[in-house]
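> Structure in structure tokens, see below.
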Amino acid sequence: MTRNSGIPDSNPDPDPRVTPGLEPGGGVPPGETPPGEASTATGAGPHRPPKRGWARGPLVVIVALAVLCALFFLAYAIVLAL
């Protein structure tokens, strides 16, 4: 252990001289490493194509907000005109 930091002096990495599967020089022979991702796995569920267009709920909310904003500015203009 070091005197000040409390961190051990040993290296946490495995010793390449005794690590199985390594060739001389640190290379890895073919077949030793797994593929980067599963090549036999399917997707996360059944494929559902997206619906076209807007759903009715979000469209109603957007129109309602637009009408409320228009009414607010109309009332504001009327109050300023008085």
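> Across the stretch 44-82, what is the number of residues that are open to solvent by 80 Å² or more (accessible area, probe 1.4 Å) and part of a loop (DSSP other than H, G, I, E, B)?
10
Conditions tested, residue by residue: (1) at pLDDT below 95; (2) among the charged types (D, E, K, R).
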residue: S39; (1), (2): yes, no
residue: G43; (1), (2): yes, no
residue: K51; (1), (2): yes, yes
residue: W54; (1), (2): yes, no
residue: L59; (1), (2): yes, no
residue: L68; (1), (2): no, no
residue: L74; (1), (2): no, no
residue: V79; (1), (2): yes, no
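The values are calculated or read from the model by the stated rules, or taken from the named source; none is laboratory data. As the structure is a computational prediction, the values presented were derived from the model and not from experiment. Accessible surface is based on the protein model in full, side chains and every heavy atom, while ligands, DNA and RNA are left aside. Shrake-Rupley method; radii C 1.70, N 1.55, O 1.52, S 1.80 Å.
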